[in-house]
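Enquirer: Please read through the structure below; I'll follow up with questions.
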Amino acid sequence: MLILSLVFLKECFHVVLAGISDLPEIVELKFDHVFFTARTLTPVTLILGGKNPCYVDQHCDIATTVQRIAWARFHNAGQSIMAPSYILCHTDVKARLVQALKCCLMQFYGPDPRESRSFGRMVNLEFFNRTRELLWRSGKVVVGGQVTEAEKYIGKNLHH
Ligand SMILES: *[C@@H]1O[C@H](CO)[C@@H](O)[C@H](O)[C@H]1NC(C)=O
């Protein structure tokens, strides 16, 4: 710590000795970068809840790509912060991509995802309402789109 404060200007570099309980307050200060060490080093993924687009180009292995996108998107009915929000693709693969996604969803959740034990429901009515609004106001539904308010069920849906 002493060496660091001798070598770097204090406007550029600052050492804070803090515990885990101090972290929320420290990261609120909006540093450009934080070095952190701990007794056990666990890999960390910083999750920024934004938009998570996927891009599929004409060289992708469509089957593998689609399995990964579908898993990430439909896990917990899309209610995870890392769920892909939309797909951008090369026009050459669009039709194949949509077809492959339909097949993949059939493989994952069967012909009626409402009956599938692996297909989740919206966590509450507020999320259900918001998702239903998005579904009705945007794009063209190519698969699914059924909604059942009593169950907070929204059928798998893909727009294009
Ligand atoms: C959801 O929408 C229904 C109308 O379909 C409304 O009665 C209800 O108050 C809304 N709930 C929430 C939490 O937004």
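The values are calculated or read from the model by the stated rules, or taken from the named source; none is laboratory data. Because the structure is a prediction, the values reported are computed rather than measured. We place every Cβ from the backbone using ideal geometry, glycine too, and count neighbours over all the protein chains shown. Heads up: the accessible areas ignore ligands, DNA and RNA and are worked out on the full protein's heavy atoms, side chains in. Shrake-Rupley method; radii C 1.70, N 1.55, O 1.52, S 1.80 Å.
Enquirer: Please enumerate the residues belonging to segment 36-81 that are of a type in the set (Val, Ile, Thr) and modelled with pLDDT of 90 or more.
Expert: Answer for segment 36-81, where residues must be of a type in the set (Val, Ile, Thr) and modelled with pLDDT of 90 or more: VAL56, ILE62, THR64, THR65, VAL66, ILE69.
Enquirer: So LEU101 clears everything in (1) assigned by TED's automatic domain parsing to the domain that holds GLU149; (2) open to solvent by less than 60 Å² (accessible area, probe 1.4 Å); (3) more than 30 Å from ALA150 (Cβ to Cβ) except one condition, right? Which one?
Expert: Here LEU101 clears every test but (3).
Enquirer: Pairs under 9 Å by beta carbon, first residue free of Cβ contacts under 8 Å to residues at least 12 places away in the same chain in segment 124-135, partner of a type in the set (D, E, K, R) and near the ligand (Cβ under 9 Å from one of its atoms), six or more apart or different chains?
Expert: ASN129/GLU149
Here is a yes/no grid of residues against (1) of a type in the set (Gly, Ala, Ser); (2) surrounded by fewer than 11 Cβ atoms within 10 Å (Cβ to Cβ):
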site	(1), (2)
PHE31	no, no
PHE36	no, no
THR42	no, yes
HIS59	no, yes
TRP71	no, no
ALA83	yes, no
LEU88	no, yes
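Enquirer: Separate question: If you scan segment 73-105, which residues turn out to be touching a helix residue (DSSP H, G or I) at 6+ places or on another chain (Cβ under 9 Å), of a type in the set (A, V, I, L, M) and farther than 19 Å from HIS59 by Cβ?
Expert: ALA77, MET82, ALA83, LEU105
Enquirer: Oh, and also: Checking ILE3 against (1) free of Cβ contacts under 8 Å to residues at least 24 places away in the same chain; (2) open to solvent by less than 60 Å² (accessible area, probe 1.4 Å), only one condition comes out false. Which one?
Expert: Among (1) free of Cβ contacts under 8 Å to residues at least 24 places away in the same chain; (2) open to solvent by less than 60 Å² (accessible area, probe 1.4 Å), ILE3 violates only (2).
Enquirer: Residues of segment 66-83 being without any contact (Cβ under 8 Å) to a residue 12 or more places away in the chain and more than 20 Å from LYS152 (Cα to Cα), which ones?
Expert: ARG68 - this is the single residue of segment 66-83 that is without any contact (Cβ under 8 Å) to a residue 12 or more places away in the chain and more than 20 Å from LYS152 (Cα to Cα).
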